[in-house]
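Note sheet for the following structure.
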Amino acid sequence: MADLHQLAQMFRELDDQLVSCMRCGMCQAVCPVFAQTGRETDVTRGKLALLDGLAREMLTDAAGVNDKLNRCLLCGTCQANCPSGVRVMDIFLKARAIMTGYFGLSGTKKAIFRGMLANPRLFNALTGMGATFQGLFTKKVDDMLGSSCARFNSPLVGDRHFKTLAATPLHKLVPELDTPAGASGIRVAFFTGCVIDKIFPRVGQAALEVLARKGVGVFLPAQQACCGIPALSSGDQATFDKLVAMNVQWFTAREFDYLLTSCATCTSTIKELWPRMFKGDPALGAAIKELAGRTMDISQFLVDVLGVTEAPAAGGGKVTYHDPCHLKNGLGITAQPRTLIKAAGCAYTEMREAGSCCGCGGSFNVAHYELSKKIGSRKAQNIMDAGADILATSCPACMLHITDMLSHKQAGIKVKHVIELYADSMKNQG
């Protein structure tokens, strides 16, 4: 637990940020959770009102405060639409850190964050064992989507249709890279991210294939750690700081022009949260800020830096696109992924509410699956109504949840990352 001095300082920081909220209720109109529940405490305005008296509330109903704070997707839709420019995500993350300082981490979260995530080699070994033995506990339910369900009743898994761990993770397929700049004259570092590494290595492979074909040199360190967002969103500041410090050490070992990711959440975390939320060694501050300034989403890099442009549709199915919250709301990246889809020669169709949250929200999906499923089911219906053969997006977490939703609906629609579509088109061109 945090000591009283630490908690007092965190309360002061929170109070300084709360004063700019006008309680106008604009967030109420856009919050995906409030749209399902209609509860004031599920919308940002209600949570901020609660935080105004957090110190008092913690003495009278600390558990209730904690529960209300965790009923949030951290999608950033409220922040993106706030007329006062309130940094809602920073406030909520700091509030969660206060609650974790008050309660302490649960045994389960300690094991996950401090035992596994903070020890990348152990994390890789354990997920490797899981991939080997997962067939004993899972069975396929949708061959097109590659989704599975639990072979036996499990309270944790429930009726989810999920993607299993890849037989071979990306860090085994491509242990490391350190290639010079080619025809492009550009060299990048590539941040893989946990979900791409362990569940969607094909996405990482597609990104590396495209970069190689474009004459871009790549630095892929032999070691990488989680970007830290799972720990930070659970209020575990210490693990977040440790993960950031490890990644900074490994990624500053070589020279490069840009740090690229194919994960919307990793991009947003590195670019926005690393420089603002890191509380570790102050000596790392400049390196963190400098890395954040060079961080880009893979589609943003290909379109804005390399100049990839749209191409005439060349068949191969109709594609629609889901905007990941962390790209659209956090970084304002919406046009570049669509350009990349069209550059791949795909016939593009815009779905209804393309920018609405899919309902995943990381740990929100674990703690509030039924609510997550309601939000996701609406997204799945919009995808189906678009008449698309393929749902493309830029976030592996969104891919997981949307796969679950489409699999339940037996929609017959594939789920792809935009970089996969572009990589396929380059292969077809020879």
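The values are calculated or read from the model by the stated rules, or taken from the named source; none is laboratory data. Keep in mind that what you see is a predicted model, and the values were worked out from it rather than measured. All Cβ positions, even for glycine, are placed from backbone atoms using ideal geometry, and neighbour counts span all protein chains on display.
For the condition at pLDDT 90 or above and either touching an Asp or Glu at 6+ places or on another chain (Cβ under 9 Å) or not in a loop (DSSP other than H, G, I, E, B) (or both), what is the one hit in K68, K110? Within the list K68, K110, the selection yields K110. Residue check: S262 meets all listed conditions (1) farther than 22 Å from C75 by Cα; (2) touching a His at 6+ places or on another chain (Cβ under 7 Å); (3) not aliphatic (A, V, I, L, M) but one, namely (1).
You will find that of L284, L291, L306, L340, the residue that is buried (at least 16 other Cβ atoms within 10 Å of the Cβ), over 27 Å from F123 (Cβ atoms), over 18 Å from the mean Cα position of the chain (by Cα) and not acidic (D, E) is L340 and no other. If you go through the stretch 185-233, how many residues are more than 18 Å from L302 (Cβ to Cβ) and in contact with a helix residue (DSSP H, G or I) (Cβ under 6 Å, 6 or more places away or on another chain)? Total satisfying the criteria: 14. Going by the conditions given, is I270 modelled with pLDDT of 95 or more, surrounded by 23 or more Cβ atoms within 10 Å (Cβ to Cβ), over 16 Å from P337 (Cβ atoms) and within 24 Å of the chain's Cα centre (by Cα)? Yes, satisfied. Under the condition of being within 12 Å of the chain's Cα centre (by Cα), in a loop (DSSP other than H, G, I, E, B) and farther than 17 Å from V210 by Cβ, the residues counted in the stretch 242-266 number 0. Only one entry of A411, A392, A397 meets the criterion of being part of a loop (DSSP other than H, G, I, E, B), closer than 28 Å to V157 by Cα and among the small types (G, A, S), and that entry is A411.
For the stretch 238-256, the criterion of being touching a strand residue (DSSP E or B) at 6+ places or on another chain (Cβ under 9 Å) and among the basic types (K, R) is satisfied by at least one residue. Only one of the listed residues (G387, G376, G359, G412) is buried (at least 19 other Cβ atoms within 10 Å of the Cβ) and in contact (Cβ under 8 Å) with a residue 40 or more places away in the chain. That residue is G359. Can L136 be described as at pLDDT 90 or above and surrounded by 17 or more Cβ atoms within 10 Å (Cβ to Cβ)? No: the conditions fail for L136.
For T77, indicate whether it is of a type in the set (S, T, N, Q), in contact with a helix residue (DSSP H, G or I) (Cβ under 6 Å, 6 or more places away or on another chain) and at pLDDT 95 or above. No, not satisfied. Of the listed requirements (1) at pLDDT below 75; (2) surrounded by 21 or more Cβ atoms within 10 Å (Cβ to Cβ), V33 misses just one: (1). Please determine whether any residue of the stretch 122-138 is of a type in the set (F, W, Y) and under 20 Å from the mean Cα position of the chain (by Cα). Checked against the condition, which is being of a type in the set (F, W, Y) and under 20 Å from the mean Cα position of the chain (by Cα), the stretch 122-138 yields at least one hit.
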